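The values are calculated or read from the model by the stated rules, or taken from the named source; none is laboratory data. Bear in mind the structure is a predicted one, so any value in this text is a computation, not a measurement. Counting neighbours? That spans all protein chains shown, and the Cβs are built from the backbone with ideal geometry, glycine included.
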């Protein structure tokens with residue numbers, strides 16, 4: 001199979017985002033791993049996806065040395081520019097400008113995009129990572145709903 005880490009993450013997101021987490025405990029990582037393998041994903045992709053999720057949780061608990069100010073300007077370094085195409089970088093900054101992402105969330109999104117592994121990252125991939133980041137943070141229901149509207153509104157294929 002030619003699934004990527006993002007495919008595994010999207011499968012998990014779509015499967016578990018519809019469940020009521022207050023009713024059910026968080027699934028054990030070994031059970032989750034086995035479920036993903038049975039769903040047909042490769043071991044490497046599954047392990048990388050589980051590490052990615054672990055990194056998402058860890059990064060949320062790590063404060064920045066200096067948190068980005070609300071009116072800061074984000075400059076991308078050479079490595080980030082080599083991984084995130086110009087449309088992707090612009091889209092992330094746009095989401096911050098319209099209030100869907102805070103500067104701290106912007107940094108978390110960039111970190112998680114780069115953590116996907118080798119290869120270029122485009123806007124469509126960024127949209128899903130933004131949804132996952134917002135979903136993972138308590139109190140971000142409004143931002144998540146706005147982002148979800150953007151993702152699914154843009155993907156309807158309708159022409160104005």
Subset tally (residues that are touching a helix residue (DSSP H, G or I) at 6+ places or on another chain (Cβ under 7 Å) and at pLDDT 90 or above) for region 21-41 = 5
In region 91-136, how many residues are out of contact with any strand residue (DSSP E or B) (no Cβ under 6 Å at 6 or more places or on another chain) and assigned to a helix (DSSP H, G or I)?
-> 31
Can you tell me which residue in region 59-81 is nearest to residue 119 (Cα to Cα), limited to those that are surrounded by fewer than 11 Cβ atoms within 10 Å (Cβ to Cβ) and at pLDDT 80 or above?
-> 79
Restricting region 137-153 to residues that are outside any loop (DSSP other than H, G, I, E, B), modelled with pLDDT under 90 and in contact with a helix residue (DSSP H, G or I) (Cβ under 8 Å, 6 or more places away or on another chain), the one farthest from residue 7 (Cα to Cα) turns out to be 150
Lone unmet requirement of (1) under 18 Å from the mean Cα position of the chain (by Cα); (2) modelled with pLDDT of 70 or more for residue 44 = (1)
Kindly indicate whether residue 104 is closer than 19 Å to residue 5 by Cα and surrounded by 13 or more Cβ atoms within 10 Å (Cβ to Cβ).
-> no
Conditions (1) closer than 23 Å to residue 44 by Cα; (2) surrounded by 12 or more Cβ atoms within 10 Å (Cβ to Cβ); (3) free of Cβ contacts under 8 Å to residues at least 40 places away in the same chain; number of the one not met by residue 116 = (3)
